[in-house]
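The values are calculated or read from the model by the stated rules, or taken from the named source; none is laboratory data. What you are looking at is a predicted structure, and each value in this text was computed from that prediction instead of being measured. With ideal geometry, Cβ positions are generated from the backbone for all residues, glycine too; neighbour counts draw on all protein chains shown.
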Amino acid sequence: MVKENLAFCFEKIRISAVKAVYSLHDVTLIAVTKGVGIDFIETAIDNGVSHIGENKIQEALLKFEIINAYARQKGAHLDWHMVGHLQTNKTRDAVRMFDLIQSVDSLRLAQEIDCQAFKLGKIQNVLLEIKTSEEATKYGFLPSQVESVLPSLAALKNLRIQGLMTIAPAVIAPETARPYFSKLRQLQDKINQSSIFDFPLSVLSMGMTDDFETAISEGATMVRLGRAIFGERQS
Ligand SMILES: *Cc1c(COP(=O)(O)O)cnc(C)c1O
């Protein structure tokens, strides 16, 4: 089932990207594996997944070595993405495991990641999580607030801020998520027009199972899919 689902997702992503006005680029599929067993994840790797997303450090710790060993044995390389809220006391493990921490939602967390990255001799790639809808998501910078913290974020030398991430509110029709995605893209444009960062923010991580095609049409460069690949979660 995972195999067929994945083929379907890759094809939908490809078609959406071809049609999109804002995305003349590749769209990366992040397979979100929270609550998903090792064997399903391995099947996903066998069928073209090279980006794994987890939302809890504890769960990621249980899978990280096993899944990486499997990938190595298959000659595959995996990128790990942290997509859930990160507590500051878990940043050390996060920096150790994740290639991209997508859920940087406060200056304090960014500073803590910077500090741990320095200690581990790593430049940590991150995205800033933006609360594009005030009701639905608990965490993230408000679009109106983020610009005032950008200079402080830009000063953190062990972070590389690659772009922005958002979670749209759960919606009935995918089309109703469009304003949130478009808001994220506009914020990216605005930040890139300022010269706060040395290089443009290029990543827009937006779109999940119910709305990824809409997100791609609004310029997503990463979509984060769980149920579309692995089916409904138990919890
Ligand atoms: C669970 C999760 C996803 C995937 O959600 P689906 O609706 O199953 O595709 C994407 N992003 C984040 C941050 C998540 O926690």
Restricting attention to segment 110-169, the residues that are acidic (Asp, Glu) and either within 16 Å of the ligand (Cβ to nearest atom) or part of a helix (DSSP H, G or I) (or both) number exactly 4
Residue 45 fails exactly one of (1) surrounded by 15 or more Cβ atoms within 10 Å (Cβ to Cβ); (2) of a type outside the set (D, E, K, R); (3) closer than 30 Å to residue 115 by Cα; (4) more than 16 Å from the ligand (Cβ to nearest atom), namely (3)
Within segment 192-202, the residues that are in contact with a strand residue (DSSP E or B) (Cβ under 8 Å, 6 or more places away or on another chain) and either part of a helix (DSSP H, G or I) or of a type outside the set (Gly, Ala, Ser) (or both) are 197, 201
Return a yes/no flag: does segment 69-91 have any residue that is in contact (Cβ under 8 Å) with a residue 40 or more places away in the chain, assigned to a strand (DSSP E or B) and within 16 Å of the ligand (Cβ to nearest atom). yes
Note: among 10, 64, 40, just one is buried (at least 18 other Cβ atoms within 10 Å of the Cβ), of a type in the set (Phe, Trp, Tyr) and part of a helix (DSSP H, G or I), namely 64
The residue that is nearest to the ligand (Cβ to nearest atom), considering only those in segment 13-37 that are assigned to a loop (DSSP other than H, G, I, E, B) and of a type in the set (Ser, Thr, Tyr), is 33
- Query: Looking at segment 64-78, is at least one residue over 28 Å from residue 26 (Cα atoms), at pLDDT below 95 and not hydroxyl-bearing (Ser, Thr, Tyr)?
  - Reply: no
Flagged pairs (Cβ under 7 angstrom, 6 or more apart or on separate chains; first in segment 99-123, without any contact (Cβ under 8 Å) to a residue 24 or more places away in the chain; second more than 16 Å from the ligand (Cβ to nearest atom)) are 108/88; 109/88
Conditions (1) in contact with a strand residue (DSSP E or B) (Cβ under 6 Å, 6 or more places away or on another chain); (2) farther than 20 Å from residue 2 by Cα; (3) away from the ligand (no atom under 16 Å from the Cβ) -> residue 62 fails only (1)
| task | Examine segment 211-218 for a residue that is more than 15 Å from the ligand (Cβ to nearest atom), assigned to a helix (DSSP H, G or I) and over 30 Å from residue 121 (Cα atoms), and state whether such a residue exists. | result | yes
